[in-house]
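My questions all concern the structure below.
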Amino acid sequence: MAGIRDVAKRANVAASTVSRALNNSGYVSQAAREKIRKAVEELDYIPDTWLRNLYQQKSAVIGVIINSLEYPYFATVTRFIEQKLAENGYSMMLCATQNSKVRERIFFDMLKRGQIDGIIAEYLVLDDKEYQHIQKPVVTLDRHLVDIPLVCSDHLTGGKLAAEHLIEKQCKKILYIEDNSSYLASTPSYKSCLAFKETLDNAGITPIPCRVNWKEEEKDYFHTFAKKTLTLHPDIDAIFAADIPAIALFNEALRRNITIPEQLKIVAYDGSPWLKQTLNTLTCIEQPFEQLAQKSVDIITSLIENKVITEKVTVLPIQFIQGESS
């Protein structure tokens, strides 16, 4: 089995340089990093972290809690989180709760028992009070919890940009999709809906609300939802929705021979790779998925190393992407 000296010899660098590169513990030039990376791959070198983790009473495993990988937001952020954790020497253990409080409690019990070193929570269903006395490393994405670091996108700006864009396009009968549960109404992401409505109200436009059930597990739910929505609102000229309902509504509009963007404009929110599934590129408000993952991993690893986190809330900028749907 190859060792660190074998990697150093193959990369033509010192063993100490390999150590710094693998542990992110000091300066290593980009050229040297690339040579080390190639040597690691060629030799199939696996860093011997097991004994070190055992000595330090660490598992080198981070739990990541989501609702379901079927949702583009969770799937996209989670992919980047796993990548960033690996770069820092951690493995990811995924818990897709499917709205189960029991599954969520099991994961936090694992944290308390030391079976995992920390938790990055993208989605939580338990009440806030159940997290008040957790003295372990936890970071949340899009959920405010007392004394627990939060990482989220600038949803206020996201909602405002979407509304301003549709106002600029002279839309008057604008439908927006919001969640029908009380959970999302309490999250930072709901600010996008609030900002969207406020911006339109200030322009003298009353948007039409339409609620979607994100907990619905029926396979064809969003297809059925899109059909019902366009039947109930045949005269709308714009839609603002998260990626999945936006895609479903786009496809249903095409089936009805509604021309996009001439008759109907659509702005999606999230900007996940799922948007590439449509015939035309959708205009969207894109969340910074990789940056959300990087920041949450930076914070969780700092907490594990007992570093002080002074910034409890991190808000990252979003981006407006002009597509063919508006």
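Mind telling me which of the residues Tyr131, Tyr90 ends up being touching a helix residue (DSSP H, G or I) at 6+ places or on another chain (Cβ under 9 Å), of a type in the set (Phe, Trp, Tyr), free of Cβ contacts under 8 Å to residues at least 24 places away in the same chain and more than 21 Å from Pro317 (Cα to Cα)?
Details: Tyr90 fails: free of Cβ contacts under 8 Å to residues at least 24 places away in the same chain.
Answer to the check: Tyr131.
For the condition modelled with pLDDT of 85 or more, of a type outside the set (S, T, N, Q), crowded, with 18+ Cβ neighbours inside 10 Å and out of contact with any Cys (no Cβ under 7 Å at 6 or more places or on another chain), what is the one hit in Ala32, Ala75? I'd like the intermediate steps shown before the answer.
Working: Ala75 fails: crowded, with 18+ Cβ neighbours inside 10 Å.
Step by step, each of Ala32, Ala75 is checked, and only Ala32 is modelled with pLDDT of 85 or more, of a type outside the set (S, T, N, Q), crowded, with 18+ Cβ neighbours inside 10 Å and out of contact with any Cys (no Cβ under 7 Å at 6 or more places or on another chain).
Could you give every pair whose Cβ atoms fall below 9 Å, whose first residue belongs to region 186-198 and is closer than 17 Å to Phe74 by Cβ, and whose second residue is among the acidic types (Asp, Glu), counting only separations of at least 6 or pairs across chains?
Thr187/Asp142; Pro188/Asp142; Ser189/Asp142; Tyr190/Glu178; Tyr190/Asp179
Conditions (1) touching a Lys or Arg at 6+ places or on another chain (Cβ under 6 Å); (2) at pLDDT 95 or above; (3) not aliphatic (A, V, I, L, M), marked per residue:
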| site | (1), (2), (3) |
| --- | --- |
| Lys219 | no, no, yes |
| Ile236 | yes, yes, no |
| Asn257 | no, yes, yes |
| Ala293 | yes, yes, no |
| Val297 | yes, yes, no |
| Ile321 | no, yes, no |
| Ser325 | no, yes, yes |
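A follow-up question, please. Return yes or no: is Lys215 surrounded by 13 or more Cβ atoms within 10 Å (Cβ to Cβ) and either at pLDDT 95 or above or touching a Phe, Trp or Tyr at 6+ places or on another chain (Cβ under 6 Å) (or both)? Outline the logic, then answer.
On the way: surrounded by 13 or more Cβ atoms within 10 Å (Cβ to Cβ): yes; either at pLDDT 95 or above or touching a Phe, Trp or Tyr at 6+ places or on another chain (Cβ under 6 Å) (or both): no.
Considered against the rule, which asks whether it is surrounded by 13 or more Cβ atoms within 10 Å (Cβ to Cβ) and either at pLDDT 95 or above or touching a Phe, Trp or Tyr at 6+ places or on another chain (Cβ under 6 Å) (or both), Lys215 comes out as no.
For region 203-212, name all the residues that are modelled with pLDDT of 95 or more and either touching a His at 6+ places or on another chain (Cβ under 8 Å) or part of a helix (DSSP H, G or I) (or both).
Within region 203-212, Ile208 is the sole residue that qualifies.
Can you tell me which residue among Lys84, Lys136 is under 17 Å from Val297 (Cβ atoms) and either among the aliphatic types (A, V, I, L, M) or at pLDDT 90 or above (or both)? Break it down stepwise before answering.
On the way: Lys136 fails: either among the aliphatic types (A, V, I, L, M) or at pLDDT 90 or above (or both).
Step by step, each of Lys84, Lys136 is checked, and only Lys84 is under 17 Å from Val297 (Cβ atoms) and either among the aliphatic types (A, V, I, L, M) or at pLDDT 90 or above (or both).
Could you check region 276-326 and list, in sequence order, the residues that are open to solvent by less than 60 Å² (accessible area, probe 1.4 Å) and farther than 21 Å from Glu122 by Cα?
Thr278, Asn280, Leu282, Thr283, Cys284, Ile321, Gly323, Ser325, Ser326
Is there any pair with a first residue in region 311-324 that is touching a residue at least 40 places away in the same chain (Cβ under 8 Å) and a second that is open to solvent by 50 Å² or more (accessible area, probe 1.4 Å) and basic (Lys, Arg) whose Cβ atoms are under 7 Å apart and which are 6 or more apart or on different chains, and what are they?
Cβ pairs passing all conditions: Thr314/Lys295; Leu316/Lys295.
Still on this structure, I have one more. Kindly list the number of the only condition in (1) farther than 28 Å from Asp220 by Cβ; (2) under 20 Å from the mean Cα position of the chain (by Cα); (3) among the hydrophobic types (A, V, I, L, M, F, W, C); (4) crowded, with 18+ Cβ neighbours inside 10 Å that fails for Ile116.
(2)
So that you can scan it fast, the table gives a plain yes or no per residue for (1) surrounded by fewer than 17 Cβ atoms within 10 Å (Cβ to Cβ); (2) of a type in the set (Ser, Thr, Tyr); (3) at pLDDT 95 or above; (4) not in a helix (DSSP H, G or I):
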{"position": "Gly159", "(1), (2), (3), (4)": "no, no, yes, no"}
{"position": "Glu164", "(1), (2), (3), (4)": "yes, no, yes, no"}
{"position": "Ser182", "(1), (2), (3), (4)": "yes, yes, no, yes"}
{"position": "Cys193", "(1), (2), (3), (4)": "no, no, no, no"}
{"position": "Asp201", "(1), (2), (3), (4)": "yes, no, yes, no"}
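Now for a separate question. Applying the selection to region 281-326, what residues are under 12 Å from the mean Cα position of the chain (by Cα), charged (D, E, K, R) and not in a helix (DSSP H, G or I)?
Residue satisfying the conditions is Glu286 alone.
The values are calculated or read from the model by the stated rules, or taken from the named source; none is laboratory data. Here the structure is a predicted model, which is why all the values come from computation and not from measurement. All Cβ positions, even for glycine, are placed from backbone atoms using ideal geometry, and neighbour counts span all protein chains on display. Heavy atoms of the whole protein, side chains included, go into the accessibility calculation; ligands, DNA and RNA do not. Shrake-Rupley method; radii C 1.70, N 1.55, O 1.52, S 1.80 Å.
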